[in-house]
1. Take the conditions buried (at least 21 other Cβ atoms within 10 Å of the Cβ), over 25 Å from Trp277 (Cβ atoms) and among the basic types (Lys, Arg) and apply them to Arg37. Does it pass?
2. Going by the structure shown, is Gly57 under 21 Å from Ser184 (Cβ atoms), under 19 Å from the mean Cα position of the chain (by Cα) and either small (Gly, Ala, Ser) or part of a helix (DSSP H, G or I) (or both)?
3. Please give the number of the condition Ala60 fails out of (1) within 26 Å of Pro153 (Cβ to Cβ); (2) buried (at least 17 other Cβ atoms within 10 Å of the Cβ).
4. Working only within the stretch 209-225, note down all residues that are assigned to a strand (DSSP E or B) and over 15 Å from Ile197 (Cα atoms).
Amino acid sequence: MTSPLLDVQNLCVSFPAPGGRLTQAVRGVSFTLGRERLGIVGESGSGKSTTGRALLGLLAPPAIVSADKLTLEGLDLRSLSRRAWRDIRGSRMAMVMQDPKYSLNPIMKIGRQIIEAYRLHHRASLGEARGKALTMLEAVQIRDPERVLDLYPHQLSGGMGQRAMIAMMLVAQPEILIADEATSALDVTVQNGVLAILDRLVTERGMGLIFISHNLPVVATFCDRVVVMYGGRVMETLAARDLQNARHPYTRALLAAAPDLAAPKASLSVVTRDPAWLA
């Protein structure tokens, strides 16, 4: 059996709270990631994004992060220095955030940002890095990449900005991409285009993709496997094709609460939570 790209066992994240207490944001999360598309779903506050940031070492003190196992192709991520983390981010793991307006530097041109991301991890001349940036913009289906290189983020539409962000995250050719609500701010047509780009890049490059989302219908059709989170814990893990037949009551409640354009409902179901899920 092929070893996973990423192996996460009993990941926990806590934050100090008033009175000396600890707030547990992630509680014993475990999963593996191969060269596949793994969806992580759940309502807001379920710990999805915190999990993604913990995997990239982005949670600085006072956050408390622990895990029984956290390895990237056998490399123990728990003991990395800050310098070692900087070497890994971008080159081996990268993360696309929800809204490019808050992720791209507003006072730097798109080309400069992508070139900087490449040269940070590769010894390359400015000309070589510019060529890589153009190639990557073409890979994410941006027309006239030469022109886009010289634009500022505010001059791009939402969909084009998100594609530029994906290009910047992938230019150093990481093995794992974490997409945190990367399509939720886009309209349906642009969203489908971005998903198609991610799908093609994962297939062609043999990458692992963690697709964090609250959109169960999208995850069901796009991903290979799904991790369902609630209250910082994993409720169940199943094949995406089996999502409609999920067994856990929380997953079934999320599915029932999702709108269905093919069969509109007068009112949507409300998720009823069971305290025993977090016991």
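The values are calculated or read from the model by the stated rules, or taken from the named source; none is laboratory data. Note that this is a predicted model, so its numbers are computed, not measured. For neighbour counting, all protein chains shown are included, and Cβ atoms are generated from backbone atoms with ideal geometry for every residue, glycine included.
1. Yes.
2. When the stated conditions are applied, Gly57 does not pass them.
3. (2)
4. Let us first name the residues in the stretch 209-225 that are assigned to a strand (DSSP E or B), namely 209-213, 225.
Within the stretch 209-225, Ile212, Ser213, Arg225 qualify.
Conditions (1) surrounded by fewer than 13 Cβ atoms within 10 Å (Cβ to Cβ); (2) at pLDDT 90 or above; (3) part of a loop (DSSP other than H, G, I, E, B), marked per residue:
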{"site": "Leu238", "(1), (2), (3)": "no, yes, no"}
{"site": "Leu243", "(1), (2), (3)": "no, yes, no"}
{"site": "Arg247", "(1), (2), (3)": "yes, yes, yes"}
{"site": "Thr251", "(1), (2), (3)": "no, yes, no"}
{"site": "Leu261", "(1), (2), (3)": "yes, no, yes"}
{"site": "Pro264", "(1), (2), (3)": "yes, no, yes"}
{"site": "Ser269", "(1), (2), (3)": "no, no, yes"}
{"site": "Arg273", "(1), (2), (3)": "no, no, yes"}
{"site": "Ala276", "(1), (2), (3)": "yes, no, no"}
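Rundown of residues vs (1) surrounded by 14 or more Cβ atoms within 10 Å (Cβ to Cβ); (2) modelled with pLDDT under 90; (3) of a type in the set (Asp, Glu), yes/no style:
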site	(1), (2), (3)
Tyr118	yes, no, no
Arg147	no, no, no
Asp150	no, no, yes
Gly159	yes, yes, no
